[in-house]
Amino acid sequence: MAPGRTPKKAKTGSTASVPVPAESVSTKAVILVGGASKGTRFRPLSLDCPKPLMMVAGRPMIEHHVEACSKLSSFSEIILLGFYEPELFSAFMESCADKYSVKIRYLREASALGTAGGLNRYKDDILAGNPSAVLILHSDIACTFPLEDMIEDHFAKQNKCTVLGKELSFDEAHRYGEMVVDSNTMELLHYAEKPQSDISPVINCGIYVFDQEIFGVIQTVAENRKGAGGYGRMEDDESDGFGSVRMEQDVLMPLAGRKKVFVFKTDGFWGQIKSPNEAIYCSGLYLDHFKLVHPELLATSMNATLRATLGRIPSTEKFDVGMSAGKLNIVGNCVIAASAKVSSSAKIGPNVSIADGVVVGAGARLQNCLVLEDVVIKEHAFIKNAILGWKSSVGCWTRVEGSKETPTIFGAGVTANNEVIIDECTVLPHKSISKSCFKEIIL
């Protein structure tokens, strides 16, 4: 899926309804962050960091959502809704509130209530202040976030619910929720979650605009579930079963074909982040998008005057400093934190994100990887298709690599000794690797 620009005011289907005046519109956003029992495919990284705060393209995954919401006109607040402990998000919320000048708070579910159950549990908090519309965003997606255009379309057509959709090939679409859409009105006629046969190439992108009426629908579903005994569903790994409500199966499916739900299609990039390989892939999508909309965020070979400082690993060479440095050997789109120390003889890119406190030694080669805070990569190391966890160390002449489908993942504090090869491995935190390993889970 190639990155693209956000479509501007795309008008599809009937627009005969009287739009809501812009000055009367107020919008809230709810980002569904889940909890520690979800995101297990992100282990061992999620053992030390909530999945929604994992670095993707140089910033926490959901900071991309927050930035997009902060650009909306008549926007009131962002609510993070999940069942992590609130303190895990405190520093992130404080940083975003200051950086983007937004009101942001966390609401904690006592247990997993399904992708829509928490919206019912905190309906009064979410609807406080009588917002004209509520944006609902899944945390584990990456896209161009065409939120302003989506909201304009929602009000112009006086929709009760608008879903962001994207057209893929049938080979790709079957992995997601597929939507049969009326080509004239863009009404959702039928919804199928990960169907085995081809239903439609239009997928659900996991972003919704809700009228307040939809919260009443969710409440009714939750009450009916409790009345039926609240038994869990064997196929449902996102709830504890008691009054749980699934957004797609319990809300979208019953409303399809009833002139309640409409689709806004995007031509921009979109990706899902359920696993580490998807995090690397979506980081690349964001970096490509940055080239169009935020070129100042990308590291370049000559983007400033040269500054040098002594590194923290044995070397006779000096280091260039992060995004402020010049004369770095950069290939393609990369982000390098300002406090990172990268040797001018290292080769970085394409699709590399280097976090704060990272040291990259002379002659090292990095491509298609995420390097988290305080990692040390020594001279002539080779990193490809990998995520290196916080405070890990890679020895001289060591290769850490994987395939695009199965990258090598280091948990926090992993040490790889000199001159070893680590290929398609998952390494738990604080392990030391002294010999080569292939396709292993190192416990």
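Here are the criteria: (1) part of a loop (DSSP other than H, G, I, E, B); (2) within 21 Å of the chain's Cα centre (by Cα). Tell me which single one C369 does not satisfy.
(1)
Looking only at the range 386-443, which residues are part of a strand (DSSP E or B) and closer than 23 Å to C282 by Cα?
A386, I387, L388, V400, E401, T408, I409, F410, D423, T426, V427
Can you tell me how many residues in the range 256-276 are in contact with a Gly (Cβ under 8 Å, 6 or more places away or on another chain) and either among the basic types (K, R) or not in a strand (DSSP E or B) (or both)?
Of the residues in the range 256-276, 5 are in contact with a Gly (Cβ under 8 Å, 6 or more places away or on another chain) and either among the basic types (K, R) or not in a strand (DSSP E or B) (or both).
If you scan the range 182-201, which residues turn out to be within 13 Å of K259 (Cβ to Cβ) and within 26 Å of the chain's Cα centre (by Cα)?
Correct list: L188 only.
Is there a residue being at pLDDT 60 or above and surrounded by 14 or more Cβ atoms within 10 Å (Cβ to Cβ) anywhere in the range 222-237?
Taking every residue of the range 222-237 in turn, at least one turns out to be at pLDDT 60 or above and surrounded by 14 or more Cβ atoms within 10 Å (Cβ to Cβ).
Quick one: in the range 396-424, of everything that is within 17 Å of F438 (Cα to Cα) and small (G, A, S), which residue is surrounded by the most Cβ atoms within 10 Å (Cβ to Cβ)?
Ranking the qualifying residues of the range 396-424, first place goes to A416.
Of everything in the range 357-412, what is small (G, A, S) and in contact with a His (Cβ under 8 Å, 6 or more places away or on another chain)? Give them in sequence order.
So the first thing to find is which residues in the range 357-412 are small (G, A, S), and the list is 357, 361-364, 381, 386, 389, 392-393, 395, 402-403, 411-412.
Selection gives G361, A362, G363, A364, G411, A412.
Go through (1) under 23 Å from E278 (Cβ atoms); (2) of a type outside the set (D, E, K, R); (3) crowded, with 21+ Cβ neighbours inside 10 Å and name the single condition G361 misses.
Looking at each condition in turn, G361 falls short on (1).
Of the conditions (1) of a type in the set (D, E, K, R); (2) closer than 27 Å to V293 by Cα; (3) buried (at least 17 other Cβ atoms within 10 Å of the Cβ), E167 fails just one. Which one is it?
Answer for E167: the failing condition is (3).
Applying the selection to the range 362-409, what residues are touching an Asp or Glu at 6+ places or on another chain (Cβ under 9 Å), touching a residue at least 24 places away in the same chain (Cβ under 8 Å) and polar (S, T, N, Q)?
N385, S392, T398, T406, listed by residue number.
Which is in contact with an Asp or Glu (Cβ under 7 Å, 6 or more places away or on another chain), free of Cβ contacts under 8 Å to residues at least 60 places away in the same chain and under 23 Å from M54 (Cα atoms), of K103, K99? Let's see the steps before the verdict.
Values: K99 fails: in contact with an Asp or Glu (Cβ under 7 Å, 6 or more places away or on another chain).
Just a single option satisfies the conditions, and that option is K103.
In the range 122-144, which residues are more than 22 Å from the chain's Cα centre (by Cα) and either free of Cβ contacts under 8 Å to residues at least 12 places away in the same chain or assigned to a loop (DSSP other than H, G, I, E, B) (or both)?
Y122, D124, A128, G129, N130, P131, S132
Hey, N159 hits all of (1) in a helix (DSSP H, G or I); (2) surrounded by 23 or more Cβ atoms within 10 Å (Cβ to Cβ) but one; which does it fall short on?
(1)
The values are calculated or read from the model by the stated rules, or taken from the named source; none is laboratory data. Please read all numbers here as calculations on a predicted model, not as lab measurements. Counting neighbours? That spans all protein chains shown, and the Cβs are built from the backbone with ideal geometry, glycine included.
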